[in-house]
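Each remark here refers to the structure printed beneath this line.
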Amino acid sequence: MSARLEGVTVDVTARSRERVRVLDDVTIDLPTGSMTALVGESGCGKSMVAAALCGLLPPGSSVAGRLSLGDDAFLGDEISGRDPRWRALRGRRVGMVPQSAATSFTPVRTLGPQLDEVIAGLDGPRDAVELCRAVHLDPDALDLYPHELSGGMAQRAAIAAALAGDPDVLVADEPTSALDPDLAAAIWALLADTARRGAAVLVITHDMDALRTGGCDSVAVMRAGRIVEQRTAADLASSDDEYVAAFFEAVA
């Protein structure tokens, strides 16, 4: 199942109670069987793109535009999660790997029962041991508490939870931000393998070095709430847009 945001604009209410535009006419394509990276400066709206794809925009968001998830289309405020179809889609058709993997699990329970609950809630086709093996995590980790997991183990566990419902679209928000280069490379390889198995994968990242070897089919560049371009990393390095070209000089 492919995914596409088309002309999506999102306004939220700031602490000052003023309306702030966080996404401005955003269009991004996530084809089936491919991995797309989303890059840009901090605060440019990357995590809001993830939230829009998962129907998890902040309460009270005002949304315009269109989101297509396979045959399902959401218009305007339906994208924010107000449409009842999200109950069946979230987790099952669209999986989310949160930015802080370790804190996404309850600290007072071991990993196994928590994965079991996710699987049961989503009617997942694989058990916890199978999910661990799918993400190259030793099943012994199921007996550990979240604080006992290393950074790489916690990230694999979070990906396992996101894959529990066998989603067609996987969104990973900064999945390698706290990992050393070797572990980061392993997570990139895992996400690329997920794409090769038929999912549409979006990876939000600041890891520019990984774009050379991470297996991304395309890269989308954000600036101030807008998608400036979406092409291969090599093509973006020769972009006519000075901001995009400068962003990718060291990557191609």
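The values are calculated or read from the model by the stated rules, or taken from the named source; none is laboratory data. Just so you know, these numbers come straight off a predicted model, no measurement behind them. Cβ atoms come from the backbone with ideal geometry, glycine included; neighbour counts cover every protein chain shown. Just the protein is used for accessible areas: all its heavy atoms, side chains included, with ligands, DNA and RNA removed. Shrake-Rupley method; radii C 1.70, N 1.55, O 1.52, S 1.80 Å.
Points 7 angstrom from Cα along the Cβ direction at THR27 and HIS147: gap in nanometres?
Placing both labels 7 Å beyond Cα along the Cβ direction yields 5.0 nm.
Mind checking the per residue accessible area of segment 99-166 for me, 1.4 Å probe, whole number of Å²? Don't jump to the answer; show the numbers that get you there.
Numbers: 3270 Å² over 68 residues.
Per residue, segment 99-166 has 48 Å² of solvent-accessible surface.
Counting other C-beta atoms within 10 Å, and keeping those with at most 15, which DSSP coil GluC sites (Glu not before Pro) do you find in segment 149-252? Show your work: numbers first, answer last.
Working: sites: GLU229, GLU242, GLU249; in loops: GLU249.
Of the GluC sites (Glu not before Pro), the ones in loops of segment 149-252 whose Cβ has at most 15 other Cβ atoms within 10 Å are GLU249.
Using the Cα centre as the reference, give the magnitude of the dipole from point charges on the C-beta atoms of segment 99-166 (Lys, Arg: +1; Asp, Glu: -1; all else neutral), rounded to the nearest 20 debye. Before the final figure, lay out each step's value.
Numbers: 4 positive and 10 negative charges, 43 e Å.
The calculated dipole for segment 99-166 is roughly 200 debye.
With +1 on the Cβ of every Lys and Arg and -1 on the Cβ of every Asp and Glu, and nothing else charged, how large is the dipole of the chain about its Cα centre, in debye rounded to the nearest 20? Don't skip to the answer; put the middle values down first.
Numbers: 23 positive and 37 negative charges, 137 e Å.
The dipole of the chain has a size of about 660 debye.
Put a dot 7 Å past each Cα toward the Cβ at ASP127 and ASP209; how far apart are the dots in nm?
Between ASP209 and ASP127, the label points sit 4.0 nm apart.
Taking θ = phi - 60°, what integer Hz values does the Karplus form 6.51 cos²θ - 1.76 cosθ + 1.60 yield along segment 229-239, in sequence order, with x for Gly and Pro?
With coefficients 6.51, -1.76 and 1.60, one gets 8, 9, 8, 5, 4, 5, 5, 5, 5, 9, 5 Hz.
Tell me, what % of the accessible area of segment 99-166 is carbon and sulfur with a 1.4 angstrom probe? The partial results should precede the final answer.
Working: 1660 of 3270 Å².
That fraction is 51 percent.
Springs between alpha-carbon pairs under 10 angstrom, Gaussian network model over the chain: which of ARG93, ARG109, ARG226 fluctuates most?
Of ARG93, ARG109, ARG226, the Gaussian network model singles out ARG109 as fluctuating most.
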